[in-house]
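The values are calculated or read from the model by the stated rules, or taken from the named source; none is laboratory data. A quick note: this is a predicted structure, and the numbers were derived from the prediction, not measured. Glycine also receives a Cβ, built like all others from the backbone with ideal geometry; neighbour counts cover every protein chain displayed.
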Amino acid sequence: MDTPETENSNNGESVERPGFFYRIHGNWIEVVAAVLLALAVIASAWSAYQSSRWGGVEARNFCYANADRILAAEEADIAEQEFAIDVEMFVEFTELTLHNDQEAIEYFENILFRDEMKVAIDAWLATDPWNTPGAPDTPFDMPQYKNENREESKVLQKSADDKQEMATQAIEQSDRYVLFTVLFASVLFFAGISTKFKAPHVRILVLVMGGVLFTTSFVFLCFQNIH
């Protein structure tokens, strides 16, 4: 209880003075409550704004990731089709080589083979596979055999995975800002209700609780990513 203090006046009479909480009640508690309300409103609005912004980042990155995965699948399909064609043509090329049909061999090498396949064929033939033990069985085993569409598919898939991770991080950041919005709304509650109590010590206690919650939340808010 905030009991009044008693002191003697100059003429010897006892005079009651208000207690500590009653003295500070009328001087600054209303001002502090108003300032805390203003700060909490600004912080809560900022947190809600950032949560919305990070939600947009999440949506965009999910869209980009899905688009990259679709493109990666298309490139992979093209690569598989080209590989099937390369295999079929290699089988025919091998038969022509065994029959030593030079005209047909040159036609395959100069016209029918894709540029990437031709590089692999030339490297494979340079190993003299029919006479060299341990030589690669096919040009597809050569490091020179590459497929541009397959490589592009890998790049797009990696890009999709990266964007997926960015979207996940954006969700987590947005959720954190939602939490800060709730915390600062709680500060608004404490600051607003502190003016409704008649007992000064209760008003100060509630206001201090709101101030501690605001300070703690604001410190953590300062370490959050901003978009």
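Six or more apart or on different chains, Cβ under 6 Å: which pairs go from a residue in the range 198-227 that's touching a residue at least 40 places away in the same chain (Cβ under 8 Å) and crowded, with 19+ Cβ neighbours inside 10 Å to one that's assigned to a loop (DSSP other than H, G, I, E, B) and not aromatic (Phe, Trp, Tyr)? Could you list them?
Filtered contacts from the range 198-227: 203/194; 207/194.
Do we have residue 180 as at pLDDT 95 or above and not aliphatic (A, V, I, L, M) here?
Criteria met by residue 180.
Tell me, which residue of the range 49-70 that is buried (at least 17 other Cβ atoms within 10 Å of the Cβ) and hydrophobic (A, V, I, L, M, F, W, C) is nearest to residue 153 (Cα to Cα)?
Filtering the range 49-70 for residues that are buried (at least 17 other Cβ atoms within 10 Å of the Cβ) and hydrophobic (A, V, I, L, M, F, W, C), the one nearest to residue 153 (Cα to Cα) comes out as 65.
Which ones in the range 123-149 are under 22 Å from residue 81 (Cα atoms) and in a helix (DSSP H, G or I)?
Those that are under 22 Å from residue 81 (Cα atoms) and in a helix (DSSP H, G or I): 124, 139, 140, 141, 148, 149.
Got at least one residue in the range 86-93 being surrounded by 13 or more Cβ atoms within 10 Å (Cβ to Cβ), in a helix (DSSP H, G or I), touching a Leu at 6+ places or on another chain (Cβ under 7 Å) and free of Cβ contacts under 8 Å to residues at least 60 places away in the same chain?
Checking the range 86-93: at least one residue is surrounded by 13 or more Cβ atoms within 10 Å (Cβ to Cβ), in a helix (DSSP H, G or I), touching a Leu at 6+ places or on another chain (Cβ under 7 Å) and free of Cβ contacts under 8 Å to residues at least 60 places away in the same chain.
So, in the range 137-151, exactly how many residues are closer than 19 Å to residue 92 by Cβ and not polar (S, T, N, Q)?
Number of matching residues: 6.
Select from the range 122-151 the residues that are acidic (Asp, Glu) and over 40 Å from the mean Cα position of the chain (by Cα) and write down the one among them that is nearest to residue 106 (Cα to Cα).
122
Would you check if there is a residue in the range 146-161 being among the charged types (D, E, K, R) and surrounded by 15 or more Cβ atoms within 10 Å (Cβ to Cβ)?
yes
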